[in-house]
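Asker: Handing you this structure, nothing more for now.
The values are calculated or read from the model by the stated rules, or taken from the named source; none is laboratory data. Quick caveat, the model's predicted, so the values are computed rather than measured. Backbone-built Cβ (ideal geometry, glycine too); neighbour counts: all protein chains shown. What goes into the accessible areas is simple: the full protein's heavy atoms, side chains included, and nothing from ligands, DNA or RNA. Shrake-Rupley method; radii C 1.70, N 1.55, O 1.52, S 1.80 Å.
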Amino acid sequence: MKSRVHWIYGSGLIGSYLGGVLSQRHEVAFVGRPLWNERLINGFTLADYTGAKASFRATPAQIHTHLPEQLENAVIWLTVKCTALNEVLAELQSKLGNGCTLICCQNGIGSVESVKAHLPHCTVIQGIVGFNVVWDSECSELRRSTEGVLALETGSTDNLQPGWLSCDRTTLLPVFWPQDMEAYCWAKLQLNLANAVNALADVPIRDMLQNRHYRSIIATLMDELLLVAKTQQLKLPQLTKVPAHWIPRLLRLPNWLFRRIASKMLDIDPTARSSMWWDLQAGKTTEVQYLNGAVVQIGKQLGVPCPANDTITQWVQNITVKCPKAGNSTQISPKQLKTAILG
Ligand SMILES: NC(=O)c1ccc[n+]([C@@H]2O[C@H](COP(=O)([O-])OP(=O)(O)OC[C@H]3O[C@@H](n4cnc5c(N)ncnc54)[C@H](OP(=O)(O)O)[C@@H]3O)[C@@H](O)[C@H]2O)c1
């Protein structure tokens, strides 16, 4: 595995961070847009919230705008958003040869299945990025801004046993190998359901969490997911300080008690917003269909109605469609939003 080249396909925030850290031990190449290619060539600091730092600069030979033809025996880290997957799959189908391993790093549910269906001759595994990465243009720093690990599915083939990625001893990239990757994905999805609320609330995540109306919406979205997961007999692992099924109860506490008990949840950058909010502001299609929308879709297959996730998915999609310009704002009060989503 060590001698295989690691290709980062879609080097934005996550891809450039992973590629930068991986290059300490592996040969890495990047496929990305001009803006990120320039950043990679100019060089930047890789940093994390603990203060660990490393510098990274790519050589021009590492930078690409497309994958080369007939790529064989490579590891491809797919780090585009879910919304770019269809376009990317067409290119992968025509260019990937034998012995390739793809690691799908998309949030939500459904990407891995889609990649597996299109590329049956490749080994496809799920990667879950459990931390946020932000770009600080003032000091050219790509920073892992929160706790969390890179969770990687293990595989029986291709030597994909825990530890195959000889990179898991750097604090910049803690790696974890869950036993039940499906349950792990659903546990991560539970936390990501709040992204849509943040996008519609149009306030920083910290302000959103201090408002009980917003917290009740998130709690109901999570209740629906927990029922869908239970119906699939998934045992969700604990990714936060409290077990998955306690989180909605915590969120519903009155403000004074929530602040006291869940102060750690509020210990975040006061300006941070969800990537879905950023996508809406940029007039981009969001990943909501793969997050809240996936809960609705799988709930439907199992006979578990998920009306709150359904409403919020449609709401975010309508904004994406109706306001394809920057500056979207729902301009709706927390109470109105709660009534609209929860009825
Ligand atoms: N950012 C985080 O902190 C974070 C944390 C956890 C999980 N995630 C998940 O990780 C995934 C990636 O997120 P991200 O924040 O890294 O997204 P991102 O910053 O938008 O990076 C993706 C990059 O891929 C580029 N791209 C798309 N199609 C391409 C193509 N055909 N060829 C070359 N480049 C292409 C995009 O360019 P265009 O924008 O021009 O299309 C963009 O620069 C998402 O599923 C996200 O939910 C993100």
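Asker: Take ASN318 and tell me if it is modelled with pLDDT of 95 or more, among the polar types (S, T, N, Q) and under 29 Å from LEU13 (Cβ atoms).
Answerer: The answer is no for ASN318.
Asker: Can you find even one residue in region 12-30 that is near the ligand (Cβ under 9 Å from one of its atoms), surrounded by fewer than 22 Cβ atoms within 10 Å (Cβ to Cβ) and under 28 Å from GLN289 (Cβ atoms)?
Answerer: Checked against the condition, which is being near the ligand (Cβ under 9 Å from one of its atoms), surrounded by fewer than 22 Cβ atoms within 10 Å (Cβ to Cβ) and under 28 Å from GLN289 (Cβ atoms), region 12-30 yields at least one hit.
Asker: Just checking, how many residues over region 36-62 are of a type in the set (A, V, I, L, M) and in contact with a Leu (Cβ under 6 Å, 6 or more places away or on another chain)?
Answerer: 4
Asker: Please go through region 61-85 and pick out each residue that is open to solvent by 20 Å² or more (accessible area, probe 1.4 Å), without any contact (Cβ under 8 Å) to a residue 60 or more places away in the chain and either near the ligand (Cβ under 10 Å from one of its atoms) or not in a helix (DSSP H, G or I) (or both).
Answerer: Hits for region 61-85 are ILE63, HIS64, THR65, HIS66, PRO68, GLU69, GLN70, GLU72.
Asker: For region 93-107, how many residues are touching a Cys at 6+ places or on another chain (Cβ under 6 Å) and either open to solvent by 20 Å² or more (accessible area, probe 1.4 Å) or part of a loop (DSSP other than H, G, I, E, B) (or both)?
Answerer: Residues that pass the stated criteria total 2.
Asker: Pick from region 256-280 the residues that are surrounded by fewer than 19 Cβ atoms within 10 Å (Cβ to Cβ) and not in a helix (DSSP H, G or I): which of them is nearest to the chain's Cα centre (by Cα)?
Answerer: Among residues in region 256-280 that are surrounded by fewer than 19 Cβ atoms within 10 Å (Cβ to Cβ) and not in a helix (DSSP H, G or I), the one nearest to the chain's Cα centre (by Cα) is ALA272.
Asker: Right, something else. Among the residues that make up region 40-50, is at least one of them assigned to a helix (DSSP H, G or I), within 15 Å of the ligand (Cβ to nearest atom) and touching a residue at least 24 places away in the same chain (Cβ under 8 Å)?
Answerer: Scanning region 40-50, I find at least one residue that is assigned to a helix (DSSP H, G or I), within 15 Å of the ligand (Cβ to nearest atom) and touching a residue at least 24 places away in the same chain (Cβ under 8 Å), so the answer is yes.
Asker: For the condition at negative phi, away from the ligand (no atom under 16 Å from the Cβ), open to solvent by 10 Å² or more (accessible area, probe 1.4 Å) and not basic (Lys, Arg), what is the one hit in LEU239, LEU200, LEU253, LEU225?
Answerer: Details: LEU239 fails: away from the ligand (no atom under 16 Å from the Cβ); LEU200 fails: open to solvent by 10 Å² or more (accessible area, probe 1.4 Å); LEU225 fails: open to solvent by 10 Å² or more (accessible area, probe 1.4 Å).
So the residue among LEU239, LEU200, LEU253, LEU225 that is at negative phi, away from the ligand (no atom under 16 Å from the Cβ), open to solvent by 10 Å² or more (accessible area, probe 1.4 Å) and not basic (Lys, Arg) is LEU253.
Asker: If you don't mind, there's one more thing I want to ask. Which pairs do you get when a residue that is over 16 Å from SER11 (Cα atoms), found in region 131-142, comes within reach of a residue that is among the acidic types (Asp, Glu) and open to solvent by 40 Å² or more (accessible area, probe 1.4 Å), reach meaning Cβ atoms under 7 angstrom, with the pair 6+ apart or on two chains?
Answerer: PHE131/GLU147
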